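Some notes on the structure that comes next.
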Amino acid sequence: MRIVGGRLRGKKLAEVGAGDAAAHLRPTSDRVRESLFNLLTNGRNGDLVRDAKVLDLFAGTGALGLEALSRGASQATFVDSGAASRVLLRENIALCSAQAITKVFRTDVADLGPPRTPVDLVFLDPPYGKGLGEAALETIMAQGWLAPGATVVWEESRPPIVPAPFQLLDQRSYGGTTITILRFP
């Protein structure tokens with residue numbers, strides 16, 4: 001696993017192999033990340049990453065948030081309740097020398113309190129098929145995490161039902177992964 005674009009392009013991240021099922025680690029492949037970030041930086045909505053404040057929920061290794069930082073995001077907040085995830089996440093933040101522009105919360109998304117400032121871009125990559133994505137969206141809306149016009153990138157095994165008040169911007173499938181891009185009004 002590596003950073004696929006931006007100023008850290010080619011930076012190797014901590015190894016997790018095929019993932020850790022017990023820790024629910026299922027890293028987004030380099031190919032899917034590259035396709036996703038091409039959509040986010042070169043799509044019809046302009047560059048949604050540059051200068052964005054990022055929230056990476058169910059962060060795992062942090063590859064999505066770190067990729068955003070590499071491509072010009074201003075800061076990233078990572079949320080994951082797993083001990084194994086936190087170890088890998090902190091190692092990857094150090095490998096990318098991103099300690100000054102990141103925060104790590106070891107908590108369940110349901111217990112996430114309000115932010116200091118809302119975010120512009122959210123990566124939502126919950127364990128597949130457990131309804132955690134829907135619950136996480138409700139939590140971050142209720143707690144005020146989403147800035148007006150924020151973009152949410154939701155990774156699941158199948159297309160989720162887009163909840164109100166979100167607008168569907170794009171949806172693509174890559175093998176067993178479906179990426180859904182939403183806009184908060």
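The values are calculated or read from the model by the stated rules, or taken from the named source; none is laboratory data. Being a predicted model, the structure only gives us computed values, none of them experimental. Cβ placement follows ideal geometry from the backbone for every residue including glycine, while neighbour counts extend to all protein chains displayed.
Worth a mention:
- For I181: the one exception among (1) surrounded by fewer than 20 Cβ atoms within 10 Å (Cβ to Cβ); (2) under 25 Å from M1 (Cα atoms); (3) in contact with a helix residue (DSSP H, G or I) (Cβ under 9 Å, 6 or more places away or on another chain); (4) of a type in the set (V, I, T): (1)
- Qualifying positions in the stretch 84-123 - part of a strand (DSSP E or B) and closer than 22 Å to I181 by Cβ: V119, D120, L121, V122, F123
- Options G133, G113: the member that is buried (at least 21 other Cβ atoms within 10 Å of the Cβ) and of a type in the set (G, A, S): G133
- Exclusive hit being over 23 Å from V32 (Cβ atoms), under 15 Å from the mean Cα position of the chain (by Cα) and of a type outside the set (D, E, K, R), set L132, L182, L146, L137: L146
- Selection of the stretch 56-73 for residues being farther than 20 Å from Q171 by Cβ and out of contact with any helix residue (DSSP H, G or I) (no Cβ under 7 Å at 6 or more places or on another chain) yields G65, S70, G72, A73.
- Verdict on S74 being at pLDDT 95 or above, at positive phi and more than 14 Å from the chain's Cα centre (by Cα): no
- Every pair of residues 6+ apart whose Cβ atoms lie under 9 Å, when the first sits in the stretch 96-120 and is within 18 Å of E67 (Cα to Cα) and modelled with pLDDT of 95 or more while the second is in a loop (DSSP other than H, G, I, E, B) and basic (K, R): C96/K11
- Flag for P126 being surrounded by fewer than 14 Cβ atoms within 10 Å (Cβ to Cβ) and outside any helix (DSSP H, G or I): no
- Among all positions in the stretch 131-151, there is no residue which is assigned to a strand (DSSP E or B) and acidic (D, E).
- Failed criterion for E156 (all others in (1) modelled with pLDDT of 95 or more; (2) touching a strand residue (DSSP E or B) at 6+ places or on another chain (Cβ under 9 Å) hold): (1)
- Residue in the stretch 162-174 that is surrounded by the most Cβ atoms within 10 Å (Cβ to Cβ), counting only those that are part of a loop (DSSP other than H, G, I, E, B) and touching a helix residue (DSSP H, G or I) at 6+ places or on another chain (Cβ under 8 Å): F166
- Restricting attention to the stretch 25-83, the residues that are surrounded by fewer than 15 Cβ atoms within 10 Å (Cβ to Cβ), in a helix (DSSP H, G or I) and charged (D, E, K, R) total 2.
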